[in-house]
1. Determine which single condition Met1 fails, assuming it passes every other condition in (1) part of a helix (DSSP H, G or I); (2) in contact with a Lys or Arg (Cβ under 9 Å, 6 or more places away or on another chain).
2. Tell me which residues, restricted to the stretch 1-22, are within 19 Å of Gln52 (Cα to Cα) and either in contact with an Asp or Glu (Cβ under 7 Å, 6 or more places away or on another chain) or loosely packed, with under 13 Cβ neighbours inside 10 Å (or both).
3. Look at Leu35 and say whether it is assigned to a helix (DSSP H, G or I), of a type in the set (A, V, I, L, M) and more than 15 Å from His4 (Cβ to Cβ).
4. How about the stretch 43-77: which of its residues are among the hydroxyl-bearing types (Ser, Thr, Tyr) and within 30 Å of His29 (Cβ to Cβ)?
Amino acid sequence: MKNHEGDRHVLAAAVRCKAHCIITHNQKHFQEEHLAPYDVECLPLDDFLVHQYHIDPDTFISVFDLNRQKELRDLSMTFSPGCPCMLRN
């Protein structure tokens, strides 16, 4: 594997599990010419999400809403009820 030595384990894991792409903002360590022999591509998160939306918009929005609701529940448990600006210990 000829990608950046500090990230070879990521490409190795992608190849081992037969992933189609690596999602990262660190694209400079995953050049296309290094990934092509393994039939893997590298995408930034935004491009990956847009791609998923175009595959199945209804499912994408449903999953997005479920995650947003979970995050809101988790966030509401983080703040003290008496003062929303004070975090619980």
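We did not get these values from a lab; they are worked out from the coordinates using the rules stated. Computed from a prediction, not measured in an experiment: that's the story for all the values here. Please note: Cβ atoms are built from the backbone with ideal geometry, for glycine as well, and neighbour counts cover all protein chains shown.
1. Result: Met1 passes all but (1).
2. Filtering the stretch 1-22 for residues within 19 Å of Gln52 (Cα to Cα) gives 14, 18-22.
Lys18, His20, Cys21 - these are the residues of the stretch 1-22 that are within 19 Å of Gln52 (Cα to Cα) and either in contact with an Asp or Glu (Cβ under 7 Å, 6 or more places away or on another chain) or loosely packed, with under 13 Cβ neighbours inside 10 Å (or both).
3. Numbers: assigned to a helix (DSSP H, G or I): yes; of a type in the set (A, V, I, L, M): yes; more than 15 Å from His4 (Cβ to Cβ): no.
No; evaluated as a whole, the condition is false for this residue.
4. We begin by selecting, within the stretch 43-77, every residue among the hydroxyl-bearing types (Ser, Thr, Tyr); these are 53, 59, 62, 76.
Listed by number, the list holds a single entry, Tyr53.
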